[in-house]
Amino acid sequence: QVQLVESGGGLVQAGGSLRLSCAASGSTFSLYAMGWYRQAPGKQRELVARISSAGSTRYADSVKGRFTISRDNTKNTVYLQMNSLKPEDTAVYYCNANWESTSINYWGQGTQVTVSS
């Protein structure tokens, strides 16, 4: 069992930056691919960024060049640096841990990001 706790959300003006953090419990963090998803009101949850256990990254087209995902296995933490934020980035952001090559997934409780125009 993995518990995920997100932090770092908030209200920011368009063009601003935020850094989300997700702290994971347990001793097997390095074995998990970690991802950030978001869900805006009335929309489906979508993948924002993902980092594999080996460090390979993948981004949604809408955030490429603006967001950066990273992980620190010594701190059991994954980060999402969000720059040049836009109002359309407003959503609840969720942290995900996926035991790679399995369907085992864990989710955090979500953190609200609101970007004002």
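The values are calculated or read from the model by the stated rules, or taken from the named source; none is laboratory data. All of these numbers come straight from a predicted model, not from anything done at the bench. Backbone-built Cβ (ideal geometry, glycine too); neighbour counts: all protein chains shown. These area figures cover heavy atoms from the full protein model, side chains too; ligands, DNA and RNA do not enter into them. Shrake-Rupley method; radii C 1.70, N 1.55, O 1.52, S 1.80 Å.
Some points to look at:
- Scanning segment 41-64 for residues being under 17 Å from LEU18 (Cα atoms) and in contact with a Ser or Thr (Cβ under 8 Å, 6 or more places away or on another chain) gives a total of 1.
- For ALA33, the test of being touching an Asp or Glu at 6+ places or on another chain (Cβ under 6 Å) and over 21 Å from GLN13 (Cα atoms) is passed.
- Filter result for THR68 (in contact with a Ser or Thr (Cβ under 7 Å, 6 or more places away or on another chain), modelled with pLDDT of 95 or more, of a type in the set (Val, Ile, Thr) and surrounded by 15 or more Cβ atoms within 10 Å (Cβ to Cβ)): no
- Residue tally, condition at pLDDT 95 or above and out of contact with any Leu (no Cβ under 7 Å at 6 or more places or on another chain), over segment 20-31: 2
- Cβ-Cβ contacts under 7 Å between residues 6 or more apart (or on different chains), taken from a first residue in segment 60-84 that is on the phi > 0 side of the Ramachandran plot to a second residue that is in a loop (DSSP other than H, G, I, E, B) and surrounded by 13 or more Cβ atoms within 10 Å (Cβ to Cβ), are listed as SER84/ARG66.
- Residues of segment 73-92 that turn out to be more than 13 Å from MET34 (Cβ to Cβ) and crowded, with 18+ Cβ neighbours inside 10 Å, as a count: 6
- Hits in segment 97-107 - residues which are modelled with pLDDT of 95 or more and either open to solvent by less than 10 Å² (accessible area, probe 1.4 Å) or β-branched (Val, Ile, Thr) (or both): ALA97
- Any strands (runs of 3 or more DSSP E) falling wholly within segment 1-63 and containing at least 2 residues that are exposed (fewer than 13 other Cβ atoms within 10 Å of the Cβ): 10-13
- For TYR32, the criteria (1) touching a strand residue (DSSP E or B) at 6+ places or on another chain (Cβ under 6 Å); (2) over 19 Å from LYS75 (Cα atoms) hold in every case but one, which is (2).
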